[in-house]
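Peer 1: The structure that follows is given in the form of structure tokens.
The values are calculated or read from the model by the stated rules, or taken from the named source; none is laboratory data. Every value quoted in this text rests on a predicted model; they were computed, and no experiment measured them. Note that we place each Cβ from the backbone using ideal geometry, even for glycine, and neighbour counts take in every protein chain shown.
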Amino acid sequence: MKILITGATGLVGRELVKLLLARNHSVNYLTTSISKIESKPNYKGFYWNPQQGKIDENCLYEVDAIVHLAGASISKRWTKAYKQEIIESRILSAELLYNLVKKHPNSVKQFVSASGTAIYPESFTKVYDENTKVTEDSFLSNVVKKWEESADRFQVFGLKVCKIRTGIVLSEQGGALPEMVKPIKMGFGAAFGSGRQTQSWIHIEDLAALYLFVIEKQLEGIFNAVTSNPVSNAMLTKVIARVLKKPLWLPNIPEFVMKLVLGEMSYLLFSSKNLSSQKIQNIGFEFKFPQLEQAIRDLYK
């Protein structure tokens, strides 16, 4: 198969590209940086600029599936301007791809979009699956709704649309984990707030494998990209400290302190989401790292 990927040089994209090439698939990728354009066997870059509506139309030649991972990081302070960038980076890029497929419907059969778990309501007790209809009313939840609506538009071309709602991605190369590890390594680690908030997570290798799984099986619909073993924030902190052999002696960090430091983005630290991944497992997907300590030890061995 030939796969067109946006965000191929990002945290998830790099891992997915590695897997796809190992399975003898071909990868076309889009980049906003001309210096990042490469042309190797089964791996070829193409220029695009969603802000300016520019895209190299050759990127779609003989492509079977599009994987849309591009989007501004949510791990930066949410100023009014940056909130707009978070939304536009996802919607404008999807719009550009939509217009390209409309112009050249050719061989594309599937559109796979990254998505987020912020759409689910906050809860310390309920477990949510992909059939959950009630949604949260927050900035990030509204981002996810618009994100998924932009993906659903591709159904008009007869494409199978698949949306991957991703929890906390554990990787030593980026994302949330290195930021959690830093203070613990320095001996200043502590849980946030009550520490009771449930955090649904996934190892970076399992996330890439899940994308590969839905591509090769041509799946459609919504899938939660989390393990079946979520943990509390307090437990996540303890496990990291245990693996790193560092003590935890500080009291939990109050929510108001992190709001002063991070502003509205502090929501990410105190959000509680207990999510089920039974749907993808029922189809046959198996997690390589289903347990938290196993995952952390793999990343910091």
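Peer 1: Please name all residue pairs, on different chains or six or more residues apart, with Cβ atoms under 8 Å, provided the first residue is in the stretch 101-116 and is touching a residue at least 24 places away in the same chain (Cβ under 8 Å) and the second residue is among the polar types (S, T, N, Q).
Peer 2: Lys109/Gln218; Gln110/Gln218; Ser113/Ser150; Ala114/Thr166; Ser115/Thr166; Gly116/Thr166
Peer 1: Shifting gears a bit: Counting just the residues of the stretch 252-283 that are small (Gly, Ala, Ser) and touching a helix residue (DSSP H, G or I) at 6+ places or on another chain (Cβ under 8 Å), which one comes out farthest from Thr237 (Cα to Cα)?
Peer 2: Per the stated criteria, the residue is Ser266.
Peer 1: Are any residues in the stretch 162-201 under 21 Å from Gly10 (Cβ atoms), in contact (Cβ under 8 Å) with a residue 60 or more places away in the chain and part of a strand (DSSP E or B), and if so, which ones?
Peer 2: Correct list: Cys162, Lys163, Ile164, Arg165, Thr166, Val169, Leu170, Trp201.
Conditions tested, residue by residue: (1) crowded, with 18+ Cβ neighbours inside 10 Å; (2) under 25 Å from Ile283 (Cβ atoms); (3) at pLDDT 95 or above; (4) touching a Gly at 6+ places or on another chain (Cβ under 9 Å).
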site	(1), (2), (3), (4)
Ser138	no, no, no, no
Ala151	yes, yes, yes, no
Phe154	yes, yes, yes, no
Lys163	yes, yes, yes, yes
Val169	yes, yes, no, yes
Glu172	no, no, no, no
Gly189	yes, no, no, no
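Peer 1: I've got another one for you. Say we look at the stretch 223-237 and pick out the residues that are surrounded by fewer than 18 Cβ atoms within 10 Å (Cβ to Cβ) and either assigned to a loop (DSSP other than H, G, I, E, B) or under 18 Å from the mean Cα position of the chain (by Cα) (or both); which of these is modelled with the lowest pLDDT?
Peer 2: Ser228
Peer 1: Something else: Please go through the stretch 63-80 and give me each residue that is in a loop (DSSP other than H, G, I, E, B) and closer than 22 Å to Arg14 by Cα, ordered by number.
Peer 2: Selection gives Val63, Asp64, Leu69, Ala70, Gly71, Ala72, Ser73, Ile74, Ser75, Lys76.
Peer 1: Of the conditions (1) of a type outside the set (Val, Ile, Thr); (2) surrounded by 19 or more Cβ atoms within 10 Å (Cβ to Cβ); (3) not in a strand (DSSP E or B), Gly45 clears all except one; give me its number.
Peer 2: All conditions pass for Gly45, except number (3).
Peer 1: All but one of (1) over 22 Å from Glu216 (Cα atoms); (2) in a loop (DSSP other than H, G, I, E, B) hold for Ala8; which doesn't?
Peer 2: (1) is the only condition that Ala8 fails.
Peer 1: Please state which one of Ala114, Ala118 is in contact with a Leu (Cβ under 6 Å, 6 or more places away or on another chain), of a type in the set (Gly, Ala, Ser), under 18 Å from Thr198 (Cβ atoms) and modelled with pLDDT of 90 or more.
Peer 2: Ala118
Peer 1: Checking Gln51 against (1) closer than 25 Å to Met1 by Cα; (2) exposed (fewer than 15 other Cβ atoms within 10 Å of the Cβ), which test does it fail?
Peer 2: (1)
Peer 1: I'd like the residue in the stretch 72-111 that is of a type in the set (Phe, Trp, Tyr) and at pLDDT below 95 and, out of all such residues, is farthest from Gly7 (Cα to Cα).
Peer 2: In this case the residue turns out to be Trp78.
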